[in-house]
Each structure stands twice: as structure tokens, then as C-alpha cells.
Amino acid sequence: MDPTYSAEAEEYREKIRGFLAEHLPADWAGVGALPAEQRGPWLDEWRATLASSGLLAVAWPKEYGGAGLTPMEQVVLAEEFAKADVPTQGGNDGFGIGMVGPTIIVWGTEEQKRHFLPRIISGEDKWCQGYSEPDAGSDLANIATRAVLDGDEWVVNGQKIWTSQGHTANWIFVLTRTAPEAPKHSGITFLLVPMDQPGVEVRPIREMTGEALFNEVFFTDARTAKENVVGEVNNGWTVANTLLGFERGGRSTVLSIGYRQELDRITELAKARGRSADPIIRQRLAWAHSQVEILRYHGMRSLTASLAGEQPGPQASIIKLFWSEYHKIVTELALDILGGEAMAPTGDTAGSSIQAFSGGELTSAAAVRTFLGARPGTIYAGTSQVQRNIIGERVLGLPKEPRADAGPWNEANRRS
Ligand SMILES: Cc1cc2nc3c(=O)[nH]c(=O)nc-3n(C[C@H](O)[C@H](O)[C@H](O)COP(=O)(O)OP(=O)(O)OC[C@H]3O[C@@H](n4cnc5c(N)ncnc54)[C@H](O)[C@@H]3O)c2cc1C
């Protein structure tokens, strides 16, 4: 691991700083400093600026509309954007640019790459993730949504759940069961399905934040073209895992920058509320500082692996486990500093489900919103228990958990 950046990387940093200076107002203080009603439109405009400047999907090859940046340039860009508190993407891009796009680059046909990738960047196609089902969460390979080939089309029947951003998407990548008589990991196919059709129904689920960011998605004789399979038919489990590597390892090199900004604000909050002399609060802040530093070193390790040409693999679980557990604790600390105020929060809720936007005041409403948003961090993209199993089995090489489901999937599930 070499924490110094090359001269070329520093040169690229200047270029990105120039871009930010050109496109952000001189008094830019972060998304959180914008009036609440201007935030949504500004984020949309910012995404359009990135797309027209060729700075979306920075890892993708230029021939498919990406920026074709080197891994080092990608990290420098992400660092500078995080420091300036501007997003590197918008809307459903976490699923399109962050997950299905890179998976299509690894597994897709040339035709799929030429068709789907530019449409993700232009925003014409907005994606969501159809993995989880009522009986398939941690045990993801237990999915029961069926796909049957009918002439030139797949016919899909079944139900997905917890589909984030399903209400703003027009395409969904779906794990389907195509060979029920095969063992459960062997009969799965990774399908791309258009959502604007009568056979796909999206029903919102309201969360404890009061928002409805995820959904149930029902497929009733939904159809998609035969060629919309990524990878081979019945080889979807391998493709699904490639995507999970991108999902869990994404942004790992720059995660600590956002958490550092957040912790600095929580420390300021402790000072402002006269809690910084409290020995327990001080101890908890010091602990949080050490965690953010550890996350920074994890980021450097990811960067080193990425510079060596490695794709995120099971090691991504270490970072996923680390940040999600940390974030639950530090957001609780913010509420403890606020004390009674957190019981009746006021002010702008400014924040995404991951972090309060910096720039503005860390209001009690924003702190509570972030606290609630941090709770499911240890559930989505695989629970902490599942990450520990992966680390045990696939990173440390410990014996695998005993499995009672080696035979045909339909016999274990008593389904046809
Ligand atoms: C905010 C949010 C957004 C989400 N977005 C999406 C999305 O867009 N698309 C999508 O497909 N899914 C999404 N999910 C679903 C998420 O991936 C699942 O909730 C998760 O994988 C856990 O599955 P489950 O809820 O069925 O819990 P279960 O699998 O039923 O787990 C229940 C408990 O048992 C534990 N457990 C289960 N198996 C084991 C084991 N083998 N060893 C030890 N402990 C175990 C779990 O850790 C957990 O604590 C989202 C979830 C949340 C909370």
C-alpha cells in the first residue's frame, strides 16, 4: 500500500478542481446549505452537467459512453467531489451505474453493452434491483420468481420485495428461477425486464422515516425479450455475485471522506451543546474517530487492489460490515448529544438515507433522519451476519455452514 499519489494523479486532481470551480457557485457550501425546495432540482441539474461533461460512469470504457478513467483518476475524482460535497451521480444511478452497468460490462454481450450502457448514462433507462423475495433474503438463492421461455420472449411470474427506487425505475434486473429441478444455485437466470408493461405492478412500502423509498414488485405474465439474459441461462448465480461485489465494494475508497465530514459536524455539535467535557461523550467521539481512520485505511487497501486490476470480491464484505455497523453507533451518538431535542426534532431534515447533507446546520431533524436511515444499513446489500459468514468462508477459508438444500430446488420447496 502506497498512500502517496503520482504526479499524474495530482495533475488530474487539478483538472477536477478546475471543473468544480467552473460549475459550482463561488460561495458553494454543500448540498445541505441549499434551501430545501432547491435541492431536488439542483441535484437533477448537477447530474445533467456530469452527463454532458462526460463525467458520469467514470469507470466505463469511452466506447459505451463512459469516461474511461484509470482507477487512480476515478479515486481522485471521487475524493474531490466528496470534499466539495457534490454527488458523483443521481437518482437511480446506484443501480444503473453502480451495479447493473458494470455487471453488463463483465458478463454482457457486445450488443447488450452498446444498447444498455449509453441509455443508463443518458437517464433514459433507470434501474432497480429485483433480488429479494418474501422467502429469499439472506438465503438469496432460494428465489422462486419463475421465468419460462415462450418463443422469443421470457414470461416472468412471481414477487420481489424491498425494491428500492422501484417507483422511479423503468427497468429491473431480476433473479429468476429457470430450472426448478436443478439444485438451487444452478437453476437461476439473470434477466433484464422492462417495467413499463401491464404485467409489472409496483406497490410502495412505507418506512419508519415516513418515506416510501422501497416497494413490492409483482410480475404477472410479464415479458422480456429472449436476448435479455445476462451471462448464460441457468448461470445467473455467478452473475448475481459479480453484481453483489460491485454493490458491497462500491465507493469503498472514498467512504471515509463523508464519514469524516459527518463526524466533524457531530464533534462541533457536542461543543456547541456544551457536551464536549462529558467524559462518556468524549470517549465515544474518540472511538468514532478511530473507526473513521480504520475506514480510511480500508479505503487505501481497496485502492491498491483496484490499481492492481482486481474486481471487488468477498473482501468487499469487510468494508460493508465495517461502515454499516459504525454508522448505526455514530448516528446514535449524535442523538445522545442532542438529548431531549431528538425526541421532538425540528429543522430541515436535509439528508439522504446514508448521511445528512453537509453544508447546512446539523439540525435535530437531520440527525434523526440519518439515525433512522443508518438502521437498515446492516440489512441491505446483505446483513451483517451474512457478511460475517462470507468473510469466514470465502476470505478466511473456514469450513462452510452446514447446508440441507443440496438436492433439486423444487423438491426442497415442494414447488413445480
Ligand atoms: C432499506 C433496504 C433496502 C433494500 N433494497 C433492496 C433492493 O433494492 N433490492 C433487493 O432485492 N433487496 C433489497 N433489500 C433487501 C435486503 O437485501 C434483505 O432485507 C436482506 O438481504 C435480508 O433479507 P431478509 O430481509 O429476508 O432477512 P432474513 O434473511 O429473513 O434474515 C433475518 C435475520 O436472520 C439472520 N440470518 C439469516 N440467515 C443467516 C445465516 N445463514 N447465518 C446467520 N444469520 C442469518 C439475518 O442476518 C437477519 O438478522 C433492501 C433492504 C432494506 C432494509
If you scan region 223-241, which residues turn out to be assigned to a strand (DSSP E or B) and either over 15 Å from ARG177 (Cα atoms) or open to solvent by less than 60 Å² (accessible area, probe 1.4 Å) (or both)? THR224, ALA225, VAL229, VAL230
Just checking, does region 77-92 include any residue being open to solvent by less than 40 Å² (accessible area, probe 1.4 Å), within 16 Å of the ligand (Cβ to nearest atom), at pLDDT below 95 and within 20 Å of PHE246 (Cα to Cα)? yes
From PRO194, PRO180, PRO204, PRO198, grab the single residue that is modelled with pLDDT of 95 or more, in contact with a Pro (Cβ under 8 Å, 6 or more places away or on another chain) and surrounded by fewer than 19 Cβ atoms within 10 Å (Cβ to Cβ). PRO180
Provide a single number: the residues in region 375-394 that are in contact with a helix residue (DSSP H, G or I) (Cβ under 8 Å, 6 or more places away or on another chain) and either without any contact (Cβ under 8 Å) to a residue 40 or more places away in the chain or outside any helix (DSSP H, G or I) (or both). 2
Filter region 153-173 down to residues that are in a loop (DSSP other than H, G, I, E, B) and either over 21 Å from ILE104 (Cα atoms) or of a type in the set (Phe, Trp, Tyr) (or both), then give me how many there are. 1
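Would you point out which residue out of LYS400, LYS328 is open to solvent by 40 Å² or more (accessible area, probe 1.4 Å), assigned to a loop (DSSP other than H, G, I, E, B) and within 15 Å of the ligand (Cβ to nearest atom)? Talk me through it step by step, then tell me what you get.
Numbers: LYS328 fails: assigned to a loop (DSSP other than H, G, I, E, B).
It is LYS400.
Does region 350-372 contain any residue that is of a type in the set (D, E, K, R) and at pLDDT 95 or above?
From region 350-372, those of a type in the set (D, E, K, R) are 361, 369; that's our starting set.
This time we only want the ones that are at pLDDT 95 or above, so: none.
The answer is no, given that none of the residues of region 350-372 is of a type in the set (D, E, K, R) and at pLDDT 95 or above.
Kindly indicate which of PRO180, PRO198, PRO194 is away from the ligand (no atom under 16 Å from the Cβ) and either in contact with a helix residue (DSSP H, G or I) (Cβ under 6 Å, 6 or more places away or on another chain) or at positive phi (or both).
On the way: PRO198 fails: either in contact with a helix residue (DSSP H, G or I) (Cβ under 6 Å, 6 or more places away or on another chain) or at positive phi (or both); PRO194 fails: either in contact with a helix residue (DSSP H, G or I) (Cβ under 6 Å, 6 or more places away or on another chain) or at positive phi (or both).
Of the residues listed, the single one that is away from the ligand (no atom under 16 Å from the Cβ) and either in contact with a helix residue (DSSP H, G or I) (Cβ under 6 Å, 6 or more places away or on another chain) or at positive phi (or both) is PRO180.
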Within region 19-41, does at least one residue satisfy the condition of being more than 23 Å from GLY360 (Cα to Cα) and in contact with a helix residue (DSSP H, G or I) (Cβ under 7 Å, 6 or more places away or on another chain)? no
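Restricting to helices (runs of 4 or more DSSP H) lying wholly in region 1-103: which have 3 or more residues that are without any contact (Cβ under 8 Å) to a residue 40 or more places away in the chain?
Working: elements: 7-23, 36-52, 71-84.
It comes to 7-23, 36-52.
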Output the residue which, of all residues in region 138-174 that are open to solvent by 20 Å² or more (accessible area, probe 1.4 Å) and among the aromatic types (Phe, Trp, Tyr), is farthest from the ligand (Cβ to nearest atom). TRP171
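Residues of region 368-397 being within 18 Å of GLY30 (Cβ to Cβ) and open to solvent by 20 Å² or more (accessible area, probe 1.4 Å), which ones? Show your work before the answer.
At the first step, the residues of region 368-397 found to be within 18 Å of GLY30 (Cβ to Cβ) are 369-370, 373.
ARG369 - this is the single residue of region 368-397 that is within 18 Å of GLY30 (Cβ to Cβ) and open to solvent by 20 Å² or more (accessible area, probe 1.4 Å).
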Looking at (1) open to solvent by less than 50 Å² (accessible area, probe 1.4 Å); (2) closer than 14 Å to THR88 by Cα, which one does ASP44 not meet, given that it meets all the others? (1)
So ALA365 passes all but one of these: (1) open to solvent by less than 40 Å² (accessible area, probe 1.4 Å); (2) assigned to a helix (DSSP H, G or I); (3) under 22 Å from ASP135 (Cβ atoms). Which condition number does it fail? (3)
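The values are calculated or read from the model by the stated rules, or taken from the named source; none is laboratory data. What you are looking at is a predicted structure, and each value in this text was computed from that prediction instead of being measured. Neighbour counts are summed over all protein chains in view; Cβ atoms, including those assigned to glycine, are modelled from backbone coordinates with ideal geometry. Calculation scope for accessible area: heavy atoms of the full protein, side chains included, ligands and nucleic acids excluded. Shrake-Rupley method; radii C 1.70, N 1.55, O 1.52, S 1.80 Å.
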